[in-house]
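The values are calculated or read from the model by the stated rules, or taken from the named source; none is laboratory data. Values in this document were obtained by computation on a predicted structure and should not be read as measured data. Reconstructed Cβ throughout: ideal geometry from the backbone, glycine too, with neighbour counts over all protein chains shown.
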Amino acid sequence: MKAYLVLDLSVTDFAGFKRYIAEIPAFIAKHSGQYIVRGVQPTTIEGDWAPERLVIIEFPERDNAEAFLSDPEIQDLFKVRHATTTSRLLLADGCT
């Protein structure tokens with residue numbers, strides 16, 4: 001079953017965030033992920049959720065997404081995201 005990472009983020013230090021932008025696609029590909037939505041400014045239709053930027057990454061299986069999240073080689077890059085953005089990250093399973 002496919003799995004999706006949904007990232008809601010506001011960039012607070014774009015110069016510092018550039019490293020993340022440049023390097024994260026290789027790690028997504030390493031774990032068989034692909035962008036579905038990449039850093040767009042979404043339009044809120046209902047409710048009060050108003051992300052500044054939205055990213056959705058699709059993985060073929062939940063195991064791929066979990067391996068991506070726990071990959072030791074990517075942890076420093078996640079620290080870059082944490083230091084340069086305010087973000088929320090969700091992992092959701094797709095429909096069968």
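Before moving on, here are some points about what is shown:
- Pair list, Cβ < 7 Å and 6+ apart or interchain, from region 41-57 residues that are touching a residue at least 24 places away in the same chain (Cβ under 8 Å) and surrounded by 15 or more Cβ atoms within 10 Å (Cβ to Cβ) to residues that are in a strand (DSSP E or B) and acidic (Asp, Glu): PRO51/ASP8; LEU54/ASP8
- Residue that is nearest to the chain's Cα centre (by Cα), among those in region 43-96 that are hydroxyl-bearing (Ser, Thr, Tyr) and more than 19 Å from LYS18 (Cα to Cα): SER70
- For the residues PHE68, PHE78, the requirement of being buried (at least 17 other Cβ atoms within 10 Å of the Cβ) and not in a strand (DSSP E or B) singles out PHE68.
- Look at (1) of a type in the set (D, E, K, R); (2) more than 14 Å from ARG88 (Cα to Cα); (3) at pLDDT below 95 and you find that GLU52 fails only one, number (2).
- Residues in region 1-28 that are of a type in the set (A, V, I, L, M, F, W, C), within 12 Å of the chain's Cα centre (by Cα), under 21 Å from ALA67 (Cβ atoms) and part of a helix (DSSP H, G or I): ILE24, PHE27, ILE28.
- Residue match in region 13-29 (condition: under 18 Å from ARG88 (Cβ atoms), surrounded by fewer than 14 Cβ atoms within 10 Å (Cβ to Cβ) and acidic (Asp, Glu)): yes
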